[in-house]
Structures are given as structure tokens and as C-alpha cells.
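**Q** This is the structure I want to talk about, given as C-alpha cells.
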Amino acid sequence: MYDIKHESKGLVSHGVSACAGCGLELIMRNVLDVLGEDTIIIIPPGCSALFSGFGNETALKIPGFQGNLENTAACAAGVRAALNAKGNKDTTVLAFAGDGATVDIGIQALSGVLERRDKVLYVCYDNEAYMNTGIQGSSSTPYFASTTTTPAGKPTGRKDLVQIAIAHDIPYAATASIHNLSDLRKKVKKAKDTDGPSLLHIHTPCPTGWRYDPGKSIELAKAAVQTGCWILYEYENGKTTINYKPAELKPVEQYIQPQGRYKGLTGEQRQELQEHVTKTYEKYIKKLENIG
Amino acid sequence: MQKQPEAHMNKSKKFRVYGPVATVFSSSNTGSWRLERPKVNFKACIKCGTCAKYCPANIIEIKKDQQECVVIDFDYCKGCGICVNECPAKCMTMIPERSED
Amino acid sequence: MPFKMLDGNAAAVEAMKLAKVQVVSAYPITPQSSIAEKLSELVASGELKAEYIRVESEHTAMSAATTAQLAGVRAATATASQGLALMHEVLGMTAGNRVPIVMPVVNRGLAAPWTLWCEHGDAMSERDMGWMQFYCQNVQEVLDLTLMAYRVAEDENVLTPAMVCLDGFFLSHSMQKIDVPDQELVDAFIPPYKPKNLYLDTKDPMFICDLTGPNEYTEMRYQQKIAMDNAFDVIEKAQKEFSERFGRELDIVEGYRTDDAEVVLVALGSMCGTAKYVVNKLREQGKKVGLLKITVFRPFPVKQIREVLKGKKVVGVYDRSAGLGGQGGPVWCEVSASIKDLECDIRHYVGGLGGRDVTAEHIEQIFNELMEIYAGERKYHTQWIDVKENAMEIRQVIKNV
């Protein structure tokens with residue numbers, strides 16, 4: 001059992017070495033607050049590994065395992081199988097990985113879990129790059145965003161994780177964002193109660209990687225949704241629900257202007273980005289409205 | 001480590017384990033990071049709890065029946081400024097860490 | 001005790017069934033596939049009460065098995081060749097987190113070139129990952145060494161995962177008459193699984209495998225080294241108990257007719273059966289030859305090897321893997337190091353690669369060379385004993401010029 005050397009409200013230490021203004025910290029706290037202490041967490045190397053700890057010290061009060069970058073889902077599947085073998089269907093098995101560890105190197109393991117319908121709750125926190133290793137681009141980095149491996153801006157759009165999950169026809173998948181915590185918490189509860197695999201794709205701005213004043217994390221998360229860069233929706237047993245559809249999309253400039261990673265864009269590129277965002281959003285909403 | 005039954009927790013012994021494992025729940029001295037800190041105008045505060053909700057470190061407490069209605073644990077506050085940015089009553093400001101206030 | 005006709009793969013499955021594994025995560029690969037298939041049949045029929053994870057790769061297979069065992073049950077997986085190579089980084093996780101998984105490895109060579117057939121290159125490539133390695137001579141040993149591996153790996157002074165290596169096709173697919181012990185006998189030898197070190201349990205939480213600084217990494221590797229050192233005592237005790245309970249002898253190394261041998265050949269795996277036959281044949285001719293069979297390759301049994309090779313003037317070591325770029329293959333290098341202070345002419349042989357049969361003729365040729373070296377009649381030996389004359393010309397193409 002843990003040697004408790006720190007008083008905390010909840011299952012996460014208050015002094016975690018996540019960056020100031022980190023949205024991931026908000027996600028971890030809220031997810032664990034909803035799931036409770038009968039949870040085993042699998043964390044890959046990355047920003048979330050800050051919660052695993054260093055040496056003898058950890059920032060979590062629940063049992064956990066830090067696997068390899070690409071096998072978070074696989075490790076979760078192993079824990080689930082062992083618990084099932086012991087007759088324990090109650091303990092939640094939580095896989096908690098970033099966008100790089102999920103849509104890039106971890107997509108195979110995730111696809112396996114989804115196809116086998118292993119009862120694993122998979123949370124992908126999306127800060128849109130490999131942040132912990134120095135802001136390298138991932139396949140979830142958005143169009144034109146600058147990262148250390150896409151310095152002139154990413155030439156392609158992003159991989160759609162929830163659509164990949166839907167293609168596996170899993171019982172529950174949803175997007176969420178740190179600006180709407182009650183919506184996020186509701187979705188975590190639904191995912192917990194799902195009899196089968198569930199996937200939450202949670203958007204989190206990153207002050208260090210996106211280069212903005214850390215106080216604006218929540219504001220930017222909200223702007224992403226209001227400009228159509230991030231869509232809040234759920235997929236439940238074949239039916240899609242769009243949780244929030246702005247009456248009119250705000251101009252994308254409101255979202256990208258505070259972010260240093262878009263600073264190098266020319267006027268022409270900004271226009272192209274606006275068209276890309278609008279077109280993608282409209283096509284997406286149409287697709288979602290046609291699923292079930 | 002061998003499992004100890006709950007009743008004997010206060011008598012639990014230390015066991016030797018091998019391999020990489022963290023067994024101490026602790027915190028880092030993240031309060032030492034900040035260059036500025038939030039300051040609350042208690043009179044203007046509407047006690048909505050937005051700052052507490054959005055604080056990534058979860059170190060803000062709202063005390064509805066106290067004059068100092070917003071209590072921040074400055075051992076861990078990193079000075080990110082989210083609370084100030086999100087406050088709907090705009091009753092918070094960031095001040096330099098070393099200011100006389 | 002009942003006898004059954006089993007091939008190597010079936011014997012491995014039998015042992016895993018007797019050990020009552022509760023989670024199976026195996027990915028098919030030739031020549032291991034029938035292990036994954038048989039395990040799923042046993043689970044489907046209810047004969048084996050286990051959760052079967054139909055994993056989508058070997059990397060996932062080993063990841064899931066490791067975390068399943070950390071969550072408190074015996075987990076089973078098996079692989080070969082490319083699958084073992086794909087598991088490589090996870091093997092480090094299993095060993096470094098002290099998870100005592102037992103895994104049959106059906107030895108098959110690594111690409112390129114593509115091969116489906118027997119060679120030790122796959123397991124040899126993993127020899128520094130911190131796993132124990134046992135090499136089987138025959139199908140009975142596959143069953144016995146797997147049972148013994150559970151006992152040794154799970155010992156609290158060892159807590160190190162183990163590979164039980166069986167030669168692809170030569171053992172995996174060859175049927176032999178096997179003595180399969182009763183469940184009660186095995187239960188007395190292998191107790192129910194109890195996690196003794198690190199585990200995942202919400203009632204007793206800990207965080208396993210977090211980042212470790214330079215101030216502690218060395219010590220954790222040292223802990224693994226000490227465990228490898230401890231393994232010899234544990235293996236010896238387990239083998240003694242095995243012999244008492246099941247009536248069969250297992251050993252760490254076997255010196256076959258080596259006491260008065262003038263020359264000794266060192267080898268691993270199924271070729272030892274052939275080598276013993278050749279030793280007997282040459283002995284009838286009055287030639288004083290012997291075979292040192294290494295069963296436990298990891299941890300490397302220096303003491304036991306020295307006991308057998310002490311005083312021997314000429315030794316040959318047969319590597320069933322190429323050991324490219326090295327001064328010799330892995331077995332030769334380590335045997336040489338183990339007797340470096342002894343006056344011994346130790347010669348290196350490579351053969352049996354990519355499924356090439358290790359024939360009695362080749363082994364006889366090796367012994368004859370060694371004896372000629374012993375008698376001072378020969379200087380050079382044929383290192384690549386079964387390579388063809390026209391090795392550099394076997395592919396000719398017509399090019400457009």
C-alpha cells in the first residue's frame with residue numbers, strides 16, 4: 001500500500017510536475033474523481049507519465065503500470081483478462097494515453113482491444129503532438145500547426161480517432177474538452193458503466209507546445225469548439241448525438257491568434273485554414289447526423 | 001510486499017520488493033515555480049466556484065461563509081492564471097510573486 | 001502415470017494446462033501455431049479454465065501476459081522467431097518488473113532470408129534481456145522443463161521469467177511417447193500462483209514501472225543479476241524434487257560419457273540426441289569422445305561447465321546460430337570465457353542454420369577433426385561445418401546490361 005506523505009483531496013497529488021496551465025492535469029483529476037479508487041490505470045511514457053511518478057514517489061493513489069509507448073491498450077487488456085479470470089468484473093481498467101501513443105504507435109493495440117470488445121475504458125488526451133519529448137508532430141496534429149517535426153506547419157489534416165473507434169462499432173465513444181467539465185464527467189460515467197470497450201477523446205490545449213499564456217487553456221479549449229476545430233459528440237450503441245452545435249461558427253482566427261504555433265502562417269494560409277476548418281466541420285456534422 | 005489484512009494496517013511491516021515501483025504518495029514543490037500569483041478581491045467575489053473547478057492543481061477552496069471566501073494553497077499554486085482568466089466576476093488579478101501585497 | 005503420443009507443441013500445452021494458467025495471450029506463428037490453437041481448444045471446451053485474449057500481435061501478446069500476471073494470475077504465451085523479435089522490448093518489461101512468466105519458444109531462424117525452420121538465432125538474440133533459457137533435447141524434456149520453469153521462475157529468490165526453447169519442427173512437430181504426470185502430482189510440485197513481489201490490486205495499490213533515475217537503475221539490474229545467481233540453487237533443488245516426484249532426471253548440464261573423454265563437443269537442443277548416438281558409435285570404435293549438453297543456458301552455468309571440461313585439452317562448441325560479426329557464436333564465446341584460464345584448445349563450429357539438419361555424419365566429422373587436433377595431426381577445423389562448397393555462387397541472375 002502507499003506510504004501517504006501528502007494530504008490530497010482526491011486520488012491525485014496536488015504537486016504534480018505538469019506544466020503550469022496543463023489541461024491534462026484537469027483531465028486526470030476529473031476522470032479519477034468520477035471513476036473512484038477501484039480503478040487500475042495503465043499509463044505510457046509521455047506527459048501522463050508525470051503522474052506515474054519518479055523513483056519511489058508517485059502522484060496517484062490507485063494502482064498503476066507504466067508500459068511501453070505502443071501497448072497501453074494491450075496492457076489494459078491483460079489486466080482486464082486477469083481480473084475476469086479471478087471473477088472480478090467491478091474494477092475499472094483505465095488506459096490513459098496521449099494522442100501520439102494512441103493514434104500513431106498505439107493504434108494497433110487499441111484496434112485489437114476494440115475488436116475483441118475487451119472491457120477497457122480508454123482515455124486519449126489530445127494535446128495535438130508528442131509534447132513530453134519536445135513537441136514533435138503526431139497524426140493528431142491539426143492542419144498547418146507548427147511542431148518541431150512540422151516546423152512550416154503540418155501539411156495534412158488529422159487522423160480521426162473517434163471515427164476509427166466507431167468503425168469498430170464499440171458500445172460507447174465520445175469526444176470531450178476541458179472547458180466543459182460537467183459534460184466530460186458525464187461522459188466518463190457513461191464510459192464506466194459501458195459493458196464493453198469505451199473510448200473518450202479529450203481535447204486539451206498545451207501552453208508549452210502551442211505557445212500561449214498558460215492562463216488561457218480553458219478559453220482556448222472553448223474557442224476550439226466554437227470555431228468548429230473540435231466537435232463535441234457521442235456515439236452510443238450505434239446512435240450519434242452532437243452535444244453542441246454553435247449557431248454560427250466563430251472565425252478560426254479567434255482560436256489560432258493567441259497560439260504561437262500558428263504565428264508563422266501567411267494571410268493566404270490563414271484563409272486556407274479557415275476554409276479547411278469550415279469544410280471539414282460541415283462535412284463532419286453531415287456525416288454524424290447520418291449515422292443512426 | 002505481502003498483503004496485509006485491513007485490520008492490521010496500523011501494524012503493517014515494511015517488506016522488501018524488487019524492481020521499479022513507487023510506493024510513496026507525495027508531491028513536488030510546485031509552488032516554487034511561480035513568478036506571479038492570483039490575488040482575490042473578496043468583496044467582489046460571487047463565490048461561483050469557477051476558479052476552483054478549473055484549477056488544474058485542484059488547490060482552490062471556496063468558503064462560502066468566510067470573508068476570505070477563496071482559499072488557495074500556495075504550496076502548490078504554479079501561477080498559471082487560469083483562475084484569473086476564467087473568473088466571471090473578474091475579481092481576481094495576477095500579481096508578481098515577490099510583490100509587497 | 002499415463003503415456004500419450006505428443007509432439008513438442010502439444011507437450012508444451014500439456015505443461016501449461018497442468019500449471020493451470022488462467023490467461024492465454026498467444027499469437028500464431030509457424031512452427032508455434034498449434035500451441036495457440038490447442039490452448040484455444042482447451043479453453044473453448046472448458047478443459048482449461050482461462051481467459052483467452054486473441055491478441056493481434058506478439059508485442060501485444062507479451063504485454064497482455066505481463067500485466068495479466070501482475071494482476072495476479074498465471075499467464076501463458078508462446079512464440080518463435082519473428083514473434084520473439086517483435087516482443088523484444090516487452091521482454092525487458094517482463095524481466096525488469098520481475099514477472100515470472102514461462103514461455104515456450106519454438107526455435108526458428110530470423111529473416112532475412114525468410115526461413116520457417118529450426119535454428120537458435122531467435123532465442124540467442126534475446127539472451128541478454130534477463131530471461132532464463134532452457135533448451136530441450138526431446139519432447140519429454142519440453143514437458144518437464146516447462147513444469148520445472150514454473151517452479152523456478154516463481155521462486156521468491158528468483159522471480160525471473162523463463163523461455164523453454166524447443167527446436168522448430170524437430171521437436172515441435174515430432175511425436176514421441178510422453179509420460180504426462182497426473183494433475184495431483186503437478187499440484188504438489190507447482191503451488192497455486194501467488195504474486196510475491198509487485199502486483200496490481202486496488203486493495204493494496206502501488207505504481208509499477210515508473211521512471212527510475214541513474215541513482216537506482218544500476219541497483220535494480222543488480223537485483224536481477226543476483227536473482228540469476230540464485231537460480232542455480234533453486235534449479236538444483238527443483239530438479240531433485242522433480243526426480244523424486246516424477247522419476248525423471250533433469251540437469252543443468254549433462255556430461256555424456258565425458259569423464260574419460262579426450263575430446264568433448266558442447267551443444268544445445270535436439271541435436272544432442274543425435275550427438276549422443278554418434279558418441280556411442282565412436283566409443284564402440286574405441287574413440288574417447290564425449291558430449292557436454294547444456295540445458296540451462298541462462299543463467300550461464302560456468303561452474304557446471306568447468307567441472308565437465310576441466311582437464312580436457314580439445315573442445316568443440318556447436319553453435320546453432322551464426323553469431324554474425326562476433327569472434328564466434330554465442331555459445332562458443334561464453335564457453336570459452338568460462339574456461340579461459342584452463343589450457344584448452346576450444347574450437348568453434350556453426351551449423352544447422354535455417355532448418356538444416358544436424359546429421360550424424362557432420363557430428364562424426366566434427367569429432368574426427370577434434371581428435372585429429374588432439375593428436376596434433378590437424379591445425380585448422382571446418383568452422384562452418386555444413387556450408388556448401390559453392391556458397392558464394394548459389395544465386396546467379398541474368399542482368400540487363
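Please treat every number below as a calculation from the coordinates, not as lab data. Remember, predicted model here, so these are calculated numbers, not experimental data. Note that we place each Cβ from the backbone using ideal geometry, even for glycine, and neighbour counts take in every protein chain shown.
**Q** What is the distance in Å between the Cα centroid of segment A:166-220 and that of segment A:1-55?
**A** Each part's Cα centre sits 16 Å from the other's.
**Q** Which whole-number percentage describes the relative contact order of segment B:30-96, with Cα contacts under 8 Å and a sequence gap of 6 or more? Intermediate results must be reported in sequence, preceding the final value.
**A** Values: 114 pairs, mean separation 32.7, N = 67.
49 percent.
**Q** Please sort by residue number the GluC sites (Glu not before Pro) in segment C:120-177 whose DSSP state is loop and whose Cβ has at most 15 other Cβ atoms within 10 Å. Don't skip to the end; give the middle numbers.
**A** Numbers: sites: C:126, C:141, C:154, C:156; in loops: C:126, C:154, C:156.
For GluC sites (Glu not before Pro) across segment C:120-177 that sit outside H, G, I, E and B with at most 15 neighbouring Cβ atoms in 10 Å, the list reads C:156.
**Q** Across segment C:45-59, in residue order, what do the Karplus-derived ³J(HN,Hα) couplings come to in whole Hz, using 6.51 cos²θ - 1.76 cosθ + 1.60 with θ = phi - 60° and x for Gly and Pro?
**A** Once θ is set to phi - 60°, the couplings for segment C:45-59 become 7, x, 5, 10, 8, 8, 8, 9, 9, 7, 5, 9, 5, 5, 4 Hz.
**Q** Under a cut-off of 17 Å between alpha-carbon atoms, report the lysines in cross-link reach of residue C:288, not counting same-chain residues fewer than 8 places apart.
**A** Filter leaves C:276, C:310, C:312, C:313.
**Q** Distance cut-off 20 Å, Cα to Cα: go down the list A:159/A:279; A:89/C:49; B:43/B:63; C:287/C:340 and report the pairs above it.
**A** Numbers: A:159/A:279 16 Å; A:89/C:49 16 Å; B:43/B:63 13 Å; C:287/C:340 26 Å.
Checking Cα-Cα distances, C:287/C:340 exceed 20 Å.
**Q** When only alpha-carbon atoms are used, what values of Rg and Dmax, in angstrom, describe segment B:47-101?
**A** For segment B:47-101, the Cα-based Rg and Dmax read 11.0, 29 Å.
**Q** Net charge near residue C:171, counting Lys/Arg +1 and Asp/Glu -1 over other residues with Cβ under 12 Å of its Cβ? Intermediate values should be presented prior to the final figure.
**A** Details: positive: C:108; negative: C:7, C:141, C:167.
Neighbourhood net charge equals -2.
**Q** DSSP loop GluC sites (Glu not before Pro) in segment B:25-92 with at most 15 other Cβ atoms within 10 Å of their Cβ, which ones? Provide the component values of the computation, followed by the final result.
**A** Values: sites: B:36, B:61, B:68, B:86; in loops: B:68.
Sparse-neighbourhood loop GluC sites (Glu not before Pro): B:68.
**Q** I've got another one for you. Would you list A:13, C:81 from fewest to most Cβ contacts within 10 Å? The partial results should precede the final answer.
**A** Numbers: A:13 26, C:81 30.
Result, fewest neighbours first: A:13, C:81.
**Q** Kirkwood Rh, the protein assembly as shown, all Cα pairs: how many Å?
**A** Working: mean 1/r = 0.0342 Å⁻¹.
Over the protein assembly as shown, the inverse of the mean reciprocal pair distance is 29.2 Å.
**Q** Hey, what did chain A get for relative contact order, percent, Cα under 8 Å, at least 6 apart?
**A** On the way: 564 pairs, mean separation 45.4, N = 292.
Relative CO of chain A lands at 16 percent.
**Q** Within 10 Å of each residue's Cβ, count the other Cβ atoms and sort A:156, C:359, A:92 from fewest upward.
**A** Details: A:156 12, C:359 16, A:92 23.
Going from least to most buried by this count: A:156, C:359, A:92.
**Q** A follow-up question, please. Which percent, to the nearest 5, of DSSP beta bridges fully inside the protein assembly as shown are antiparallel? List each step's numbers first, then the result.
**A** On the way: 31 of 94 bridges.
If we restrict to bridges inside the protein assembly as shown, about 35 percent are antiparallel.
**Q** In deg cm²/dmol and to the nearest 500, what is the mean residue ellipticity at 222 nm of the protein assembly as shown if only DSSP H runs of at least 4 residues count, each as -39500 (n - 2.57), divided by the residue total? It would help to have the intermediate numbers written out before the result.
**A** Details: 25 runs with 266 residues, N = 794.
Rounded to the nearest 500, the figure is -10000 deg cm²/dmol.
**Q** How far is the Cα center of segment C:1-56 from the Cα center of segment C:310-326, in Å?
**A** A separation of 35 Å, based on Cα centres.
**Q** Using Cα positions and a limit of under 12 Å, work out the aspartates and glutamates in reach of residue C:177, with same-chain residues fewer than 8 apart set aside.
**A** Hits, sequence-local ones excluded: C:7, C:141.
**Q** Below 8 Å, C-alpha to C-alpha, sequence gap of six or more: please give me the relative contact order for segment C:3-246 in percent.
**A** Details: 474 pairs, mean separation 59.2, N = 244.
Averaging sequence separation for qualifying contacts and normalising by length gives 24 percent for segment C:3-246.
**Q** Determine ³J(HN,Hα), in whole Hz, for all residues of segment A:145-156 in sequence, where each value follows from phi through the Karplus function 6.51 cos²θ - 1.76 cosθ + 1.60 and θ = phi - 60°; x replaces Gly and Pro.
**A** Result, rounded to whole Hz: 6, 8, 10, 6, 10, 9, x, 8, x, 6, x, 10.
**Q** Return the aspartates and glutamates within reach of residue C:281: Cα separation strictly under 13 angstrom, same-chain partners fewer than 8 residues apart disregarded; answer none if there are no such residues.
**A** By straight Cα distance, residue C:281 reaches C:361, C:364.
**Q** Find me the longest stretch of chain C that has none of the exposed chymotrypsin sites (Phe, Trp or Tyr not before Pro), where exposed means in a DSSP loop (not H, G, I, E or B) with at most 12 other Cβ atoms within 10 Å. Don't skip to the end; give the middle numbers.
**A** Values: sites that count: C:114, C:380.
Between the exposed loop sites, the longest stretch runs C:115-379.
**Q** Can you give me the long-range amide H partners of residue A:3? Hydrogens built in the peptide plane at 1.01 Å from N, cutoff under 5 Å, separation of 5 or more residues or another chain.
**A** Under 5 Å from the amide H of residue A:3: B:24, B:25.
**Q** Among C:63, C:25, C:40, which comes first, second and so on when ranked by fewest other beta-carbon atoms within 10 Å? The partial results should precede the final answer.
**A** On the way: C:63 33, C:25 30, C:40 17.
With the sparsest Cβ surroundings first, the list reads C:40, C:25, C:63.
**Q** Next question, about the same structure. To the nearest 20 debye, what is the magnitude of the charge dipole of segment A:188-235 about its Cα centre, counting +1 on the Cβ of each Lys and Arg and -1 on the Cβ of each Asp and Glu? Show your work: numbers first, answer last.
**A** Working: 6 positive and 5 negative charges, 22 e Å.
The calculated dipole for segment A:188-235 is roughly 100 debye.
**Q** Let me ask something else. How many angstrom separate the Cα center of segment C:84-146 from the Cα center of segment C:367-401?
**A** With segment C:84-146 and segment C:367-401 each reduced to a Cα centre, they are spaced 29 Å.
**Q** Going through segment A:1-91, which trypsin sites (Lys or Arg not before Pro) have at most 15 other Cβ atoms within 10 Å and a DSSP loop state? Provide the component values of the computation, followed by the final result.
**A** On the way: sites: A:5, A:9, A:29, A:61, A:80, A:86, A:89; in loops: A:5, A:9, A:61, A:86, A:89.
Here the sparse-neighbourhood loop sites are A:5, A:9, A:86, A:89.
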